[in-house]
2 protein chains.
Amino acid sequence: MQKIGKFYYLFPQTVAVIGVGQNLMPAAWHTPISADPPLHGVLVSPKRYTFELLKKEKGFTVNFLMHDQAQCIAKLGSTSGRDIDKLEQFNIAANRAQKVNGMIMQSSYAAYECEKSDMHEYGDHFLVVGRIISIHIPDELLREEQTVDEKRVLPALYFGKDRYLTTDPDSLTIFPKK
Amino acid sequence: MQKIGKFYYLFPQTVAVIGVGQNLMPAAWHTPISADPPLHGVLVSPKRYTFELLKKEKGFTVNFLMHDQAQCIAKLGSTSGRDIDKLEQFNIAANRAQKVNGMIMQSSYAAYECEKSDMHEYGDHFLVVGRIISIHIPDELLREEQTVDEKRVLPALYFGKDRYLTTDPDSLTIFPKK
């Protein structure tokens, strides 16, 4: 039996970089929530600048980055938009999303545009639920049924305490149902 | 711009095998929710047998498996506890959890015991929030500050459409805060 402690370090998590207004914040705590309607949830601490922005705005973006962008993720995660303009400070190329007030990073391999559908407090975080209204991903990264090419997409995975790694495409195994 | 479709296939996700009563169900949609209190959330469709069980029970387990158990995960995910006893059918060695009515798989590298704290409907799934009351993980898999040894733990990651892969420990990069 172990102490509960940092229970969330026990498995790696992809990073979702949340864009609200001009600001970007990486979140390792996020998950799909519903297939139809398409909902994605992100956990945000009420201490965060992004939380203030989310209360005011009607939508946000979710950017998915590859492992070669891990240093950028680390910088975005260790600074606050209250103190600096992260886009300018870290020279991040990004475009305004088409339907919501948030940024799409040019270095993202995929991104969602989400309408804010709910914010619900659980413990020390809020679950921010977004309804996905647009998806950006280059066609050449996709394979059948909207799966991504595991050889081309090497996602940033956070494994706790400033450690990032990625997937091993050669480990791919397929177990067809029946 | 892409169709929304299977938006949840665009990034890999660790698998959490949820244990309620004698039953086990893998869930790729799960996330930490709060550090203090320690809350973990799992998305469960109301169509699932596990959902029926969760409504009645006061707690559940969350089992984390390595990639070499992917075939077992696939079997658990393509069958229902309404039809079969999965433990018996698939010869899965598991022990009753100490504090809740759920199973801890002997093949898991880590597991939580959770008290059910909330069930909330979002779209076509329910978010089941568990308060973690116990953690099981062998000491030899842990490093400083409860991070796991990336060379020993090769977790099962689900990448959509029956595809599983794992992490590449040699890709580890550390970006210390300042």
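The values are calculated or read from the model by the stated rules, or taken from the named source; none is laboratory data. Values in this document were obtained by computation on a predicted structure and should not be read as measured data. A quick note on method: Cβ atoms are made from the backbone with ideal geometry, for glycine too, and the neighbour counts reach across all protein chains shown.
Tabulated values for the structure
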quantity	calculated
Some residue of region B:29-39 being over 20 Å from A:ALA16 (Cβ atoms) and either in contact (Cβ under 8 Å) with a residue 12 or more places away in the chain or surrounded by 22 or more Cβ atoms within 10 Å (Cβ to Cβ) (or both)	yes
Residue within region A:59-66 that is in contact with a Leu (Cβ under 7 Å, 6 or more places away or on another chain), surrounded by 14 or more Cβ atoms within 10 Å (Cβ to Cβ), of a type in the set (A, V, I, L, M, F, W, C) and more than 30 Å from B:PHE64 (Cβ to Cβ) present	no
Filtered residues of region B:50-77 (kept if of a type outside the set (Asp, Glu), more than 14 Å from B:ILE104 (Cβ to Cβ) and not in a helix (DSSP H, G or I))	B:LYS58, B:MET66
Region B:161-178 residues that are free of Cβ contacts under 8 Å to residues at least 60 places away in the same chain, paired with ones that are surrounded by 16 or more Cβ atoms within 10 Å (Cβ to Cβ) and small (Gly, Ala, Ser) (beta carbon under 6 Å, 6 or more apart)	B:THR173/A:ALA70; B:PHE175/A:ALA74
A:THR50 being within 13 Å of another protein chain (Cβ to nearest Cβ) and among the β-branched types (Val, Ile, Thr)	no
Check on B:ILE104, hydrophobic (A, V, I, L, M, F, W, C) and more than 18 Å from the chain's Cα centre (by Cα)	no
Residue among A:VAL128, A:VAL100 that is aliphatic (A, V, I, L, M), in contact with a Leu (Cβ under 7 Å, 6 or more places away or on another chain) and in contact (Cβ under 8 Å) with a residue 40 or more places away in the chain	A:VAL128
Residue match in region B:27-48 (condition: of a type outside the set (D, E, K, R), part of a helix (DSSP H, G or I) and in contact with a Ser or Thr (Cβ under 7 Å, 6 or more places away or on another chain))	no
Yes/no for B:LEU24 being over 30 Å from A:SER45 (Cβ atoms), in contact (Cβ under 8 Å) with a residue 60 or more places away in the chain, buried (at least 16 other Cβ atoms within 10 Å of the Cβ) and in contact with a Lys or Arg (Cβ under 6 Å, 6 or more places away or on another chain)	yes
For B:ASP83: the one exception among (1) assigned to a loop (DSSP other than H, G, I, E, B); (2) in contact (Cβ under 8 Å) with a residue 12 or more places away in the chain; (3) more than 7 Å from every other protein chain (Cβ to nearest Cβ)	(2)
Which listed residue is in a loop (DSSP other than H, G, I, E, B), touching a strand residue (DSSP E or B) at 6+ places or on another chain (Cβ under 8 Å), away from chain B (no Cβ under 11 Å) and farther than 24 Å from A:GLN146 by Cβ, from A:ASN101, A:ASN91	A:ASN101
Test: residue in region A:104-126 that is assigned to a loop (DSSP other than H, G, I, E, B) and touching a Gly at 6+ places or on another chain (Cβ under 8 Å)	no
Where A:GLY5 falls short, out of the listed (1) small (Gly, Ala, Ser); (2) at pLDDT 95 or above; (3) part of a loop (DSSP other than H, G, I, E, B); (4) closer than 23 Å to A:LYS161 by Cβ	(2)
Residues (more than 8 Å from chain B (Cβ to nearest Cβ) and part of a strand (DSSP E or B)) located in region A:148-178	A:TYR158, A:ASP170
Unique match (being charged (D, E, K, R) and facing another protein chain (nearest Cβ under 7 Å)) among A:GLU113, A:GLU145, A:GLU121	A:GLU145
Among (1) at the interface with chain B (Cβ under 9 Å from one of its Cβ atoms); (2) touching a residue at least 24 places away in the same chain (Cβ under 8 Å); (3) surrounded by 20 or more Cβ atoms within 10 Å (Cβ to Cβ); (4) within 30 Å of B:LEU142 (Cα to Cα), the one test that A:PHE7 misses	(2)
Search result, residues across region A:115-156 that are under 23 Å from A:PHE90 (Cβ atoms) and buried (at least 21 other Cβ atoms within 10 Å of the Cβ)	A:VAL153, A:PRO155, A:ALA156
